[in-house]
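Take a look at the structure below.
The values are calculated or read from the model by the stated rules, or taken from the named source; none is laboratory data. Only a predicted model underlies this, so the values are computations on that prediction, with no experimental measurement involved. Virtual Cβ from ideal backbone geometry, glycine too; neighbours counted across all protein chains shown.
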Amino acid sequence: MDHADQVKLLSRLFELRDAKTTTFAPATRWQSTSIYVDSEHFDNEVRTLFRERPLIAGLSCDLPRTGDYLAVELGSIPVIVVRSENGQVRAFLNACRHRGSRLAEGRGPANRVFRCPYHAWVYDIDGRLLGQPVARGAFDGVDRDSTGLIELPAAEGCGLILVGPTPEAGPIDVPDILAGMGEEMASHEFDSWTLIGEREGTWQANWKLPYETFTEAYHIFALHRDTLAKEVLSTPMLSEFFGPGGHGLLTGREAPKLQEKDPGEWTFKGHANLVYWLFPNVILSMPMTGHAELWQCYPGESPGQCRVTTRFYLPQEPSTDKERSFWERMIDFTMSVVESEDFAQQEAIQHNVESGLYPERIFGRNEPALIHYHESLDRALGVSTVVDDGKAAYLT
Ligand code: FES
Ligand SMILES: [Fe+2]
């Protein structure tokens, strides 16, 4: 992000600080907890949010060169995303056309072909079937030209890669999806960053709970008292919304010193943690250390389970062993804080909600992005899940 934009956001953050406040939502929200346990609601979420709208598969730098691919589970859809021969990103169902075997795992350069592990059918990176070894005359009626991989819509824009959930889904307009945040997202130039680490975990918590972790700084002084709170303040936090998503800026402990300096010296690095809420399931966090984290939260088999993947990126490849080991320690530290402090709480919350004795949660005006998230979810799902007069509307 260019300096002028950093100064603009920091000015708004410092205004909040001067006023001894933080971004407030208009009202407290009484949230029905049915959304974390109700299987009908869960089915609606999976269908509406994960089967009917494009999902973020990664950053542009996940596929730096032609032939690079990424095999991911987007929700429950196994997808290969690949930078094709003409440099554009394409997406295919990760399923061989012969008998449906998985074609690719993980990520890497495809050496220009995908070879099925089962009977070795070969496809090029544009999804065309190139060969069926040891099968001369065996597949009459199978026309290679029309038996390529099943393609899904894909788009790259503003540094992000998105994939549509069905072949019939229409073209994807990334700036439109980002609803006014496109230019800002593009300013980070994620096409030139580099991946430095990747993690995945499953949790006994509804898929929205890990996302919620990243919507407010309020909890930092308490839950992260011995870890993050040494670096980041609970308040103020600037929260601004664009469509169903938005961005937030958390105050670093040293930021007040910055406020006394000339704005020409103001910078996020070391002073503010920028976070993007990419509706409905992705968080892009840019901590003060200068790296980026992509957190993707997916529903599990049931309302009470989820899967979370995390990728860590740097603007440049670390050049020395010392740097590399610094970033490895940073990744371990981040994962240990988030998993043992944040996600442990989410599992405890899920357990309490599943008791059936905890009908509502209270989202404060100082948790505006949490409220905005649930308002956006309700809108997308066509339901109201606010507790009205002590009774959850969704359950009536
Ligand atoms: S399933 Fe892929 S070649 Fe048989
Ligand atoms: Fe946290």
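Okay, here's what the table says:
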{"read-out": "Gly245 vs. criteria surrounded by fewer than 21 Cβ atoms within 10 Å (Cβ to Cβ) and either under 27 Å from His374 (Cβ atoms) or away from ligand 1 (no atom under 16 Å from the Cβ) (or both)", "value": "no"}
{"read-out": "Qualifying position, being hydrophobic (A, V, I, L, M, F, W, C), under 22 Å from Asp18 (Cβ atoms) and out of contact with any Asp or Glu (no Cβ under 8 Å at 6 or more places or on another chain), among Val282, Val232", "value": "Val232"}
{"read-out": "Residue tally, condition on the phi > 0 side of the Ramachandran plot and either loosely packed, with under 13 Cβ neighbours inside 10 Å or within 16 Å of ligand 2 (Cβ to nearest atom) (or both), over the range 126-144", "value": "3"}
{"read-out": "Matching residues in the range 100-125 - criterion: being at positive phi and either within 16 Å of ligand 2 (Cβ to nearest atom) or of a type outside the set (A, V, I, L, M) (or both)", "value": "Gly100, Gly106, Gly108, Asn111, Arg112"}
{"read-out": "Test for Val46: is it closer than 26 Å to Pro109 by Cβ, of a type in the set (Val, Ile, Thr) and either in contact with a strand residue (DSSP E or B) (Cβ under 9 Å, 6 or more places away or on another chain) or free of Cβ contacts under 8 Å to residues at least 12 places away in the same chain (or both)", "value": "no"}
{"read-out": "Residue within the range 356-370 that is closer than 30 Å to Ser192 by Cβ, within 24 Å of the chain's Cα centre (by Cα) and modelled with pLDDT of 95 or more present", "value": "yes"}
{"read-out": "Qualifying positions in the range 15-35 - over 18 Å from Ala369 (Cβ atoms) and crowded, with 20+ Cβ neighbours inside 10 Å", "value": "Ser32, Thr33, Ser34"}
{"read-out": "Among (1) surrounded by fewer than 22 Cβ atoms within 10 Å (Cβ to Cβ); (2) touching a Lys or Arg at 6+ places or on another chain (Cβ under 9 Å); (3) farther than 22 Å from Tyr36 by Cβ, the one test that Lys257 misses", "value": "(2)"}
{"read-out": "Meets criteria (in the same structural domain as His374 (by TED's automatic domain parsing) and either within 24 Å of Asn44 (Cα to Cα) or in contact with a helix residue (DSSP H, G or I) (Cβ under 6 Å, 6 or more places away or on another chain) (or both)) for Pro287", "value": "no"}
{"read-out": "Only one of Arg144, Arg107, Arg115 that is among the basic types (Lys, Arg), touching a helix residue (DSSP H, G or I) at 6+ places or on another chain (Cβ under 9 Å) and outside the structural domain of Gly300 (by TED's automatic domain parsing)", "value": "Arg107"}
{"read-out": "Lone qualifier among Glu73, Glu15, Glu40 - being more than 16 Å from ligand 1 (Cβ to nearest atom) and within 30 Å of Asp145 (Cα to Cα)", "value": "Glu73"}
{"read-out": "Residue selected from the range 1-42 under the condition in a helix (DSSP H, G or I) and β-branched (Val, Ile, Thr), by the criterion nearest to Ala255 (Cα to Cα)", "value": "Val7"}
{"read-out": "Candidate set: the range 125-156, residues that are in contact (Cβ under 8 Å) with a residue 24 or more places away in the chain and in contact with a Ser or Thr (Cβ under 9 Å, 6 or more places away or on another chain); chosen: the one farthest from ligand 1 (Cβ to nearest atom)", "value": "Glu156"}
{"read-out": "Residue in the range 73-99 that is farthest from ligand 2 (Cβ to nearest atom), counting only those that are buried (at least 21 other Cβ atoms within 10 Å of the Cβ) and among the aliphatic types (A, V, I, L, M)", "value": "Val82"}
{"read-out": "Candidate set: the range 166-184, residues that are crowded, with 21+ Cβ neighbours inside 10 Å and not β-branched (Val, Ile, Thr); chosen: the one nearest to the chain's Cα centre (by Cα)", "value": "Leu178"}
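Let's see how each residue does on (1) under 18 Å from the mean Cα position of the chain (by Cα); (2) of a type in the set (Val, Ile, Thr); (3) not assigned by TED's automatic domain parsing to the domain that holds Gly364:
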| position | (1), (2), (3) |
| --- | --- |
| Ala205 | yes, no, no |
| Pro210 | yes, no, no |
| Phe214 | yes, no, no |
| His219 | no, no, no |
| Val232 | no, yes, no |
| Leu238 | no, no, no |
